[in-house]
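Before any comments, here is the structure.
No value in this document is a laboratory result; all are computed from the given coordinates. Quick caveat: nothing in here was measured; it's all calculated off a predicted structure. Neighbour counts run over all protein chains shown; Cβ positions are idealised from the backbone, glycine included.
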Amino acid sequence: MTENSQTPVRVAIVEDHRVIREVLAEALGALDWILVVGQAATGMQAIELCEAGSYDVVLLDAMLPDMNGLDCVQKIRRGEPNTKFLILTGNTSPVLISRALELGVQGYIEKSLGFDDLVAAVKAIATGRTYYGPTVRQTLQALVKTPTQPSANSRLTGREHSVLAGVAAGKSSKEIAADLGLSFFTVNNHRRRIKNKTGLRSTSDLTLHALSLGLVGDQAMPADLPVDEVVATHT
């Protein structure tokens, strides 16, 4: 889906509480631009669901009866690397958020938020952006202020900035290549140069670096974050 696309967003809902799952399915399905085409109550059911069909966004509870939601993401990504995830959680610990970034999760929001926030998150992720709830953004702000330091010689080219933004959005090299009109191999070369220049290796560190450079959409970090101050910590 793009900003101007008329194609409905295909959504799968993974939630072990039946009432919550069915209410979410009914509420989201009532929107004319969303099709809820899959539901699961466990991590294993979610894995089987994603193996059997494709979805634009998988809405996933962070805690499932048989496994952690992020473990479920990792298992699904092995077979379906382009699947996009929105984690719905009550746990916003830095450890879990860092792991979500490492796995390339596109959205991470609190269960305490309203339905409008959930809808905004689904739309953002379906159109290739990221979306983090306010408490999650506060945690990301703290992580950005104390990141793994890139090397001093880490100035990136404009094209490398574009590739890094794609990495931060949880996109695969194939998706980034399609967005930028480049070959898969060219994107992989850019990714390697970015790692060499910054000295950063993990997806979570690269994502935090992209956040500090202002390369991720408005929902990724609070609007009042002093980006120039954060960038200074990387130089």
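A few comments on the model shown:
- Long-range HN-HN contacts of LEU64 with modeled amide H, under 5 Å: GLY69
- Which listed pairs, of LYS174/LYS195; LYS84/LYS111; LYS123/LYS197; LYS111/LYS174; LYS123/LYS171, have C-alpha distances above 24 Å, in listed order: LYS123/LYS197; LYS111/LYS174
- Farthest toward positive dipole pole in region 16-129 [+1 Lys/Arg, -1 Asp/Glu at C-beta], among SER54, GLN106, LEU64: GLN106
- The order of the peptides 46-53, 80-87, 19-26 by mean Cβ neighbours within 10 Å, most packed first, is 80-87, 46-53, 19-26.
- Cα centre as origin, Lys/Arg/Asp/Glu Cβ charges: region 1-110 dipole, Debye: 220 debye
- With both labels modelled 7 Å from their Cα along Cα-to-Cβ, the VAL95 to ARG159 distance reads 4.2 nm.
- Under a Gaussian network description of the chain, with springs only between Cα atoms under 10 Å, the residue in SER172, SER112, SER212 that fluctuates furthest is SER112.
- Report summary: the helix-based calculation at 222 nm, which adds -39500 (n - 2.57) for every DSSP H run with n ≥ 4 and divides by the residues of the chain, gives -14500 deg cm²/dmol.
- If both residues of a DSSP beta bridge must be in region 9-133, then about 5% of such bridges are antiparallel.
- Magnitude of the charge dipole for the chain, about its Cα centre and with charges confined to Cβ atoms of Lys, Arg (+1) and Asp, Glu (-1), is about 1100 debye.
- Of all DSSP bridge pairs formed entirely within the chain, close to 5 percent run antiparallel.
- Fully extending the segment from ASP179 to ASP16, taken as 0.36 nm per residue of separation minus the present Cα-Cα distance, adds 55.1 nm.
- Size descriptors for region 9-133, from the alpha-carbon set: Rg then Dmax equal 12.8, 37 Å.
- Normalised contact order of the chain, rounded percent, pairs of Cα under 8 Å and 6 or more residues apart: 17 percent
- Length released on extending from GLU102 to ALA27, taking residue separation times 0.36 nm less the Cα-Cα span: 23.9 nm
- Taking amide hydrogens as placed 1.01 Å from N in the peptide plane, the amide H of LEU35 sits under 5 Å from those of VAL9, ARG10, VAL11, each at least 5 positions away in sequence or on another chain.
- Between LEU31, ASN188, PRO94, the Cα set farthest toward the positive side of the dipole of the chain (charges on each charged residue's Cβ, about the Cα centre) is that of ASN188.
- Förster radius 41 Å - calculated FRET efficiency between LYS197 and ASP116, Cβ distance, rounded to 0.05: 0.55
- Cα-based shape type of region 113-212, given that a ≥ b ≥ c are square roots of the gyration tensor eigenvalues and the cut on a/c is 1.5: oblate
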